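What follows is calculated from the coordinates using simple rules that are stated; it is not laboratory data. No experiment lies behind these values; they were computed from the predicted model shown. Using ideal geometry, Cβ is built from the backbone for each residue, glycine included, and neighbour counts are taken over all protein chains shown.
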Amino acid sequence: MARAKIALIGAGQIGGTLALLTGLKELGDIVLFDVVEGVPQGKSLDIAEASPVLGFDATYAGTNSYEAIAGADVIIVTAGVPRKPGMSRSDLLDINLKVMQQVGEGIKQYAPDAFVICITNPLDAMVWALQKASGLPTNKVVGMAGVLDSARFRYFLADEFKVSVEDVTAFVLGGHGDDMVPLVRYSGVAGIPLPDLVEMGWTTQAKVDAIVERTRKGGGEIVNLLKTGSAFYAPAASAIEMATSYLRDKRRLLPAAAYLSGEYGLSDLYLGVPVIIGANGVEKIVEIALDANEQAMLDKSVASVKELVAECQKIAPGLA
Ligand code: A3D
């Protein structure tokens, strides 16, 4: 059976890590695209040369031409710029919106049957713009943020409880930003919810609150440490988990930015919600019950996502 074809649009920090992980996990053959000449070609060759040592088979092609993504099964988009010091959120949106329009056109022309995972920030607005620009069905275009946000939450919890990260589950809802909604009631260790763990005396409410706050600001914590860019290992690993669920029809239930048409009382909006990802892309959006406090936090997060989408509609009215 032919190998799957994975196209990575953007060959920066996340794109390069995705290229390595895709090979290591033998998900398929890789096309690495970037507008900068030489970078996708150089990173592709470097990783291909590592494959005999690491022991995996995959072909790598670095390119500056959209033609090379033709027939891709999965496309992961990291093209654009990360936020730099002094850059406002709206400067970032302006630049990356134009990038999403170009990328969307390329996908529409050469790979309309692909499953597309967007990582470019501001995530919930960029995945919305990418779906509009590509014209792909909404179940085939998703945003990666929730897997990363919940991975951070899980890591911090595992560290607090001194248990394996494998035994910690955690859920995060809403937009990707400081007002995301880590769901304490739906998170825990080996099936024991966090509120019960507090009652059992394993931790305190204050510690759980601090972990929630650290999760919300997880992206900023890495930016402050790196100073020259944002997180890339964990974001890449998270997108690979989503791509694997699609390619292997695993039907993982993962938090992802998905297109809502009525779910959670919202429509024509991408928002982080629990979804099942299988061979047909987003196969189901799971609507979980929220208490009043969780709903209020979600409403706040929705308001910021709506503001960003409205800004996109103002700049590019053709997309709406
Ligand atoms: P970086 O290393 O700068 O890579 C971006 C790449 O995009 C560069 O190689 C650019 O040359 C390339 N590029 C720019 N314009 C275009 C274009 N028009 N077409 C194709 N390629 C282009 O950034 P990165 O890899 O660290 O981050 C990529 C994006 O992911 C940024 O927008 C980040 O803010 C975002 N990000 C999102 C998360 C989420 O959880 C959602 C986490 C971390 C980073």
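Ala190: in contact with an Asp or Glu (Cβ under 9 Å, 6 or more places away or on another chain), closer than 30 Å to Tyr66 by Cβ, away from the ligand (no atom under 14 Å from the Cβ) and not acidic (Asp, Glu), yes or no? Show your work before the answer.
Numbers: in contact with an Asp or Glu (Cβ under 9 Å, 6 or more places away or on another chain): yes; closer than 30 Å to Tyr66 by Cβ: no; away from the ligand (no atom under 14 Å from the Cβ): yes; not acidic (Asp, Glu): yes.
When the stated conditions are applied, Ala190 does not pass them.
Condition test on Val172, is it within 15 Å of the ligand (Cβ to nearest atom), touching a residue at least 60 places away in the same chain (Cβ under 8 Å), assigned to a strand (DSSP E or B) and in contact with a strand residue (DSSP E or B) (Cβ under 6 Å, 6 or more places away or on another chain)?
On the way: within 15 Å of the ligand (Cβ to nearest atom): yes; touching a residue at least 60 places away in the same chain (Cβ under 8 Å): yes; assigned to a strand (DSSP E or B): yes; in contact with a strand residue (DSSP E or B) (Cβ under 6 Å, 6 or more places away or on another chain): yes.
Criteria met by Val172.
Determine if the stretch 239-254 includes at least one residue that is crowded, with 21+ Cβ neighbours inside 10 Å, within 14 Å of the chain's Cα centre (by Cα) and more than 16 Å from Phe115 (Cα to Cα).
Looking through the stretch 239-254, none of the residues is crowded, with 21+ Cβ neighbours inside 10 Å, within 14 Å of the chain's Cα centre (by Cα) and more than 16 Å from Phe115 (Cα to Cα).
Being near the ligand (Cβ under 8 Å from one of its atoms) and over 18 Å from Phe232 (Cα atoms) is the filter here, so list the residues in the stretch 1-37 that pass it.
Selection gives Val35, Val36.
Quick check: anything in the stretch 80-102 surrounded by 15 or more Cβ atoms within 10 Å (Cβ to Cβ) and closer than 23 Å to Thr244 by Cβ?
No: the stretch 80-102 contains no residue that is surrounded by 15 or more Cβ atoms within 10 Å (Cβ to Cβ) and closer than 23 Å to Thr244 by Cβ.
Working carefully through the options Ala58, Ala7, Ala11, find the one that is in contact with a strand residue (DSSP E or B) (Cβ under 9 Å, 6 or more places away or on another chain), in a strand (DSSP E or B), aliphatic (A, V, I, L, M) and crowded, with 17+ Cβ neighbours inside 10 Å. If you could, list the steps in order and put the result at the bottom.
Numbers: Ala58 fails: in a strand (DSSP E or B); Ala11 fails: in a strand (DSSP E or B).
Every option except Ala7 fails the conditions.
Among the residues of the stretch 226-241, which ones are under 19 Å from Arg154 (Cβ atoms), assigned to a helix (DSSP H, G or I) and within 12 Å of the ligand (Cβ to nearest atom)? Show your work before the answer.
Just the residues of the stretch 226-241 that are under 19 Å from Arg154 (Cβ atoms), to begin with: 231-241.
Still in the running and assigned to a helix (DSSP H, G or I): 233-241.
Result: Tyr233, Ala234, Pro235, Ala236, Ala237, Ser238, Ala239.
Which count do you get for residues in the stretch 123-149 that are within 8 Å of the ligand (Cβ to nearest atom) and touching a Leu at 6+ places or on another chain (Cβ under 8 Å)? Before the answer, list the steps.
From the stretch 123-149, those within 8 Å of the ligand (Cβ to nearest atom) are 123, 126, 143-145, 148-149; that's our starting set.
Cutting the leftovers down to touching a Leu at 6+ places or on another chain (Cβ under 8 Å) gives us 126, 143-145.
Looking only at that region, the number is 4.
Looking at the stretch 284-295, can you tell me whether even one residue there is surrounded by 22 or more Cβ atoms within 10 Å (Cβ to Cβ) and touching a residue at least 40 places away in the same chain (Cβ under 8 Å)? It would help to see each step written out before you state the result.
First, the residues of the stretch 284-295 that are surrounded by 22 or more Cβ atoms within 10 Å (Cβ to Cβ): none.
No - not one qualifying residue is present in the stretch 284-295.
Do we have any residue at all in the stretch 25-41 that's within 21 Å of Tyr246 (Cα to Cα) and in contact with a Pro (Cβ under 9 Å, 6 or more places away or on another chain)? Please lay out each step first, then the result.
Filtering the stretch 25-41 for residues within 21 Å of Tyr246 (Cα to Cα) gives 25-32.
Within this subset, residues satisfying the condition of being in contact with a Pro (Cβ under 9 Å, 6 or more places away or on another chain) are 31-32.
Yes - at least one qualifying residue is present in the stretch 25-41.
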